[in-house]
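> Below you will find the structure I want to go over with you.
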Amino acid sequence: MSRIRLVFKGVSEIVGTDDLGVLVLTDEKEQRQITVVCDKAMAVQAELRVHRVPITQIMLPEVLSKVIANQTELQLEILISGIDDGQYRVMLYNKDTLEPTLIRAGDAVLLSMAGNIPIYIDHDLMMRQSVPYREDSRGVSLPVNTISDEMLQAALDKAVEDENYELASHLRDEQLRRGKK
């Protein structure tokens, strides 16, 4: 399997929601980006690390990362390998044993930031899910297959309200696709 190393680029909010955020990651050459939808608490945690707030040095992700680095030989990496029910499938791997541990995508990004753990994505998945990266862009695209069922329904309701029937049809198709699993 070919994979691409990702780099955290920033955190943003989703306009029209109070409880969700978006984590933006790019490939190392900053040509393509993917977005990870997360809850507001995770977005706040990422923002603390972006601004290098000193309190983070005694918060759980950093403390555990230090313990692992200083008291064990454990080498870790993170791999985004697929999508299940509107969420990225992400594994935290022991590089020596290749033993995987399932982890939420937002938590994986935070752990990567806190512990300097490399994060990768399957090449084919990156090509399907990513969009071109534009450093000065004011918005980001969210692939419809990576948003929760609740977000999908809210987007469908908004599309119908706005009489955007083409988008509504696309969103309904995604709902039906998920229902067939």
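The values are calculated or read from the model by the stated rules, or taken from the named source; none is laboratory data. Please read all numbers here as calculations on a predicted model, not as lab measurements. Methodologically, a virtual Cβ is constructed for each residue, glycine included, from the backbone with ideal geometry; neighbour enumeration extends over all protein chains shown. For the accessible areas, the whole protein counts, side chains as well, though only heavy atoms, and no ligand, DNA or RNA atoms are used. Shrake-Rupley method; radii C 1.70, N 1.55, O 1.52, S 1.80 Å.
> Quick one: would you say SER112 is part of a helix (DSSP H, G or I) and on the phi < 0 side of the Ramachandran plot?
So SER112 passes the test.
> Here's another thing I want to ask about it. Looking only at the range 1-25, count how many residues are under 24 Å from ALA159 (Cα atoms) and open to solvent by 70 Å² or more (accessible area, probe 1.4 Å).
5
> Report, by residue number, each residue of the range 131-157 that is over 24 Å from ILE80 (Cα atoms) and modelled with pLDDT of 80 or more.
Answer for the range 131-157, where residues must be over 24 Å from ILE80 (Cα atoms) and modelled with pLDDT of 80 or more: GLN153, LEU156, ASP157.
> Quick one: in the range 84-113, of everything that is β-branched (Val, Ile, Thr) and surrounded by fewer than 16 Cβ atoms within 10 Å (Cβ to Cβ), which residue is farthest from LEU48 (Cα to Cα)? Reasoning before the result, please.
Within the range 84-113, the subset β-branched (Val, Ile, Thr) is 90, 97, 101, 103, 109.
Right, trim to surrounded by fewer than 16 Cβ atoms within 10 Å (Cβ to Cβ) and you get 97, 101.
Numbers: THR97: 33, THR101: 25 Å.
Only one residue fits best here, namely THR97.
> So, one more: Conditions: (1) under 19 Å from the mean Cα position of the chain (by Cα); (2) open to solvent by less than 50 Å² (accessible area, probe 1.4 Å); (3) farther than 24 Å from ILE147 by Cα. GLU28 meets all but one. Number of the miss?
That leaves (2) as the condition not met.
> Given the structure, is ARG128 basic (Lys, Arg), within 20 Å of ARG5 (Cα to Cα) and either in a helix (DSSP H, G or I) or in contact with a Phe, Trp or Tyr (Cβ under 8 Å, 6 or more places away or on another chain) (or both)?
yes
> Against the condition in contact with a helix residue (DSSP H, G or I) (Cβ under 7 Å, 6 or more places away or on another chain), modelled with pLDDT of 95 or more, part of a strand (DSSP E or B) and open to solvent by 20 Å² or more (accessible area, probe 1.4 Å), how does ILE80 come out, does it pass?
Working: in contact with a helix residue (DSSP H, G or I) (Cβ under 7 Å, 6 or more places away or on another chain): yes; modelled with pLDDT of 95 or more: yes; part of a strand (DSSP E or B): yes; open to solvent by 20 Å² or more (accessible area, probe 1.4 Å): no.
Criteria not met by ILE80.
> Identify the residue in the range 114-130 that is out of contact with any strand residue (DSSP E or B) (no Cβ under 6 Å at 6 or more places or on another chain) and open to solvent by 40 Å² or more (accessible area, probe 1.4 Å) and, among all such residues, is modelled with the lowest pLDDT. It would help to see each step written out before you state the result.
Let us first name the residues in the range 114-130 that are out of contact with any strand residue (DSSP E or B) (no Cβ under 6 Å at 6 or more places or on another chain), namely 114-116, 124-125, 127-128.
Now narrow it down to the ones that are open to solvent by 40 Å² or more (accessible area, probe 1.4 Å): 116, 124, 127-128.
On the way: ASN116: 96, ASP124: 97, MET127: 95, ARG128: 92.
Here the answer is ARG128.
> Considering only residues that are out of contact with any helix residue (DSSP H, G or I) (no Cβ under 9 Å at 6 or more places or on another chain) and more than 21 Å from VAL24 (Cα to Cα), look in the range 51-73 and name the one that is surrounded by the most Cβ atoms within 10 Å (Cβ to Cβ).
Once the filter is applied, the top-ranked residue is VAL67.
> Please go through the range 31-50 and pick out each residue that is open to solvent by 60 Å² or more (accessible area, probe 1.4 Å) and in contact with a Lys or Arg (Cβ under 8 Å, 6 or more places away or on another chain).
none
> Just to be sure I understand, how many residues within the range 94-106 are in a strand (DSSP E or B), within 17 Å of the chain's Cα centre (by Cα) and not hydrophobic (A, V, I, L, M, F, W, C)?
Of the residues in that region, 1 qualify.
> Condition (residue is open to solvent by 40 Å² or more (accessible area, probe 1.4 Å), touching a residue at least 12 places away in the same chain (Cβ under 8 Å) and in contact with a Lys or Arg (Cβ under 6 Å, 6 or more places away or on another chain)) applied to the range 146-157: is it met by at least one residue?
Within the range 146-157, not a single residue is open to solvent by 40 Å² or more (accessible area, probe 1.4 Å), touching a residue at least 12 places away in the same chain (Cβ under 8 Å) and in contact with a Lys or Arg (Cβ under 6 Å, 6 or more places away or on another chain).
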